[in-house]
Structures are given as structure tokens and as C-alpha cells.
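All of the numbers you see were taken from the coordinates with simple rules; none came from a lab. Fair warning: this is a prediction, and the values are worked out from it, not measured in the lab. When we count neighbours, we look across all protein chains shown, and the Cβ atoms used for this are built from the backbone with ideal geometry, even at glycine.
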Amino acid sequence: MSFGDPNNPYGQQPQAPQGQPGYGYPQQAPQGVPPQGGYGYPQQGAPAGYPAGPGGFPGAPVEMPGGVKAARVMLWVIAALQVVGVGLLFVAVAALSKLKDDPELKATEGFDTFSNFGSGVLYVLIAVAVVYLAASIMLALQVGKGGNSARIGIIVYASFGLLLSIYPFFPLSLIHLVLLILVIVFVSKSDGSAWFNRHRG
């Protein structure tokens, strides 16, 4: 084999023509054609309101979705309703105490048992309403911070409230019932899930 033999593996290799990149170099896109990303990278940008995260993948929404905002407002409304409910229960306790002092009712057989039972039920309802009020406020504040645990907590809280709204307080609790259903729907939607599961750095 001579030095100039084209079959000689140790010989000088022919040069690539000018203007053509060699092996391993990126190809230039023709004019008017947008450049394409490499393998494994998304070709499309992130949806509006969802900035691209690491590697170009869509990230979490920067602004709280409208449904989640509505759910937060509804939690505050439910908390306000709980305040009204606690107030009404205290009025009922005061009214029952006045009835206990009525001499005619005291003479009625079984009135003491009934009044004591009624007072006990009212105090239990007040305790439940206060706990529920505190949970409403805490979860409403947690909506802005996010986190999947907050989302699960809201769904569990609303589900428990639905049971109480259906029995024993229906139909007085109809507004409460509707608000809780909407809260569950809004935090369970895909944009709500993206908000609560976003990277919070």
C-alpha cells in the first residue's frame, strides 16, 4: 500500500468540501425554518402561565388559579358562617338556662333530664363548631402557601363538613353544603393540583 492509496487506513483522509460540517457537528437549519431542539427535549414551550422548569419541562403556575382563589374565598365565607353558628348556639344555651329557672317548667316531670341533655348537646355542638371554625381559617391561610398536604387537608375537611351538612343540619346547612362541594371541585381540578404541588423553593 502506498501513502496515496485511498484504501490505506493510515493514509491522509480526503477533506470535507467547504461549507459542509463534519461528523458530529450540528446541522444548520435552512433559512425560514426554526431551529429544532435536541433529542429528549420538548419541542414546544410551556403553556401560558406555566414557566418552563428544569430541562424545559412545564413548571407550576406562578399565579394562583381562579378556581383556587374562589375556594379560598369560600373557606373564609364558611368560617364566617361558623362564627354566626357559634353565636346562635350560645344564644340557645342562654335561652335554655332561663327556661331552667322557670318554676312551672321545673315542676314538669322529666324537665331536668331534658334540659341537662339539651345543654350537653349544645355544648358539644359549640365545641365542634369552634374546631371547624379554626380548621376553616387555618386551611384558608394554607391555600396561598400550597403543598399537597394542604390540598388533602382541604378535601378531608370539606368531606367531613358535607356529612354534617347532610345530617343533622339539612336543610339549614344548604349554603354550607354547596360551598363545600365547590371547594372540593376547585382544589381537585388539574390547575388546582398543579398549584398545590408546585415547587416552592
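State whether the range 66-196 is rounded, prolate or oblate according to the following rule on the C-alpha gyration tensor (a ≥ b ≥ c being the square roots of its eigenvalues): a/c under 1.5 gives rounded; otherwise a/b larger than b/c gives prolate, and the remaining case gives oblate.
On the way: a/c = 3.52, a/b = 3.10, b/c = 1.13.
Verdict is prolate for the range 66-196.
Set the Förster radius R0 to 25 Å, insert the Cβ-Cβ distance between residue 193 and residue 141 as r into 1/(1 + (r/R0)^6), and round the FRET efficiency to 0.05. Don't jump to the answer; show the numbers that get you there.
Details: r = 20 Å, r/R0 = 0.79.
The formula returns an efficiency of 0.80 here.
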Net charge, residue 70 excluded, C-beta distance under 13 Å - Lys, Arg +1, Asp, Glu -1 | +2
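Contour minus end-to-end for residue 130 and residue 148, with contour as 0.36 nm per residue of separation and end-to-end as the Cα-Cα distance? Write out the running numbers ahead of the final one.
Values: separation 18, 0.36 × 18 = 6.48 nm, distance 2.50 nm.
Full extension of this stretch gives 4.0 nm more.
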Quick one: which residues, 5 or more positions from residue 198 or on another chain, have an amide H under 5 Å from its amide H? H modelled 1.01 Å from N in the peptide plane, none for Pro or chain starts.
-> 147
Gain in length, residue 116 to residue 92, computed as 0.36 nm per residue apart minus the alpha-carbon separation, to one decimal in nm?
-> 7.3 nm
The range 66-196: Lys pairs at Cα distance under 28 angstrom, eight or more positions apart or on different chains = 4
Which ³J(HN,Hα) values in Hz, rounded to whole numbers, follow from the phi angles of the range 69-75 under the Karplus curve 6.51 cos²θ - 1.76 cosθ + 1.60, where θ = phi - 60° and Gly and Pro get x?
-> 4, 4, 4, 5, 4, 5, 5
